[in-house]
Amino acid sequence: QVQLVESGGGLVQAGGSLRLSCSASGRTCSSYTMGWFRQAPGKEREFVAGISRSGTTTYYADSVKGRFTISRDNAKNTVYLQMNSLNPADTAVYYCAATMKAIMQITTTDYWGQGTQVTVSS
């Protein structure tokens with residue numbers, strides 16, 4: 001079992017930056033592939049970014065490549081999502097996720113955080 005708690009969401013102007021954090025319980029964070037998903041009003045939850053257990057491999061949705069960066073600090077049991085060049089299309093509830101599988105997929109996610117709201121104004 002692992003508990004995930006997101007923080008860092010808020011209101012930001014278009015073109016601005018925001019960093020989300022996800023704190024995981026226990027000392028077994030390195031056992032999990034971690035990732036971020038988001039869900040905008042009226043839309044399905046979608047994949048944003050994933051990171052391997054060691055942190056050496058990352059992958060992103062095409063819509064955020066070059067703007068978002070996922071990272072992890074296993075010693076702190078924390079995963080981050082640095083979001084730059086934000087635009088109103090990025091407005092959504094962002095969810096932290098964890099899985100024992102090698103890659104992050106919405107259908108095989110084992111644990112979810114409660115979500116944090118990100119709103120980008122024009």
Next on the checklist: If the requirement is being touching a helix residue (DSSP H, G or I) at 6+ places or on another chain (Cβ under 8 Å) and more than 21 Å from residue 18 (Cβ to Cβ), which of these qualifies: 99, 56, 108?
Outcome noted: 99
Checklist entry - Can you tell me which residues in segment 49-70 are open to solvent by less than 50 Å² (accessible area, probe 1.4 Å) and within 11 Å of residue 34 (Cα to Cα)? => result 49, 50, 51, 52, 55, 70
Next on the checklist: All but one of (1) out of contact with any strand residue (DSSP E or B) (no Cβ under 9 Å at 6 or more places or on another chain); (2) surrounded by 13 or more Cβ atoms within 10 Å (Cβ to Cβ); (3) at pLDDT 95 or above hold for residue 74; state the number of the condition that does not hold.
Outcome noted: (3)
Item to check | segment 94-122, residues that are touching a Gly at 6+ places or on another chain (Cβ under 8 Å) and either among the acidic types (Asp, Glu) or under 14 Å from residue 12 (Cα atoms) (or both) | outcome: 116, 117, 118, 119, 120
Checklist entry - Inside segment 91-118, can you point out the residues that are open to solvent by less than 50 Å² (accessible area, probe 1.4 Å), in contact (Cβ under 8 Å) with a residue 40 or more places away in the chain and farther than 19 Å from residue 55 by Cα? => result 91, 92, 93, 94, 113, 115, 116, 118
Checklist entry - Based on what the data block shows, is residue 28 open to solvent by less than 30 Å² (accessible area, probe 1.4 Å), out of contact with any helix residue (DSSP H, G or I) (no Cβ under 7 Å at 6 or more places or on another chain) and at pLDDT below 95? => result no
Checklist entry - What number of residues in segment 31-44 are surrounded by fewer than 17 Cβ atoms within 10 Å (Cβ to Cβ) and closer than 23 Å to residue 88 by Cβ? => result 6
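The values are calculated or read from the model by the stated rules, or taken from the named source; none is laboratory data. What you see is a predicted model, and the numbers here were worked out from it, not measured in a lab. Here the Cβ is made from the backbone with ideal geometry for all residues, glycine too, and neighbour counts use every protein chain on show. When the accessible area is computed, the model is the full protein with side chains, heavy atoms only, and any ligands, DNA or RNA have been set aside. Shrake-Rupley method; radii C 1.70, N 1.55, O 1.52, S 1.80 Å.
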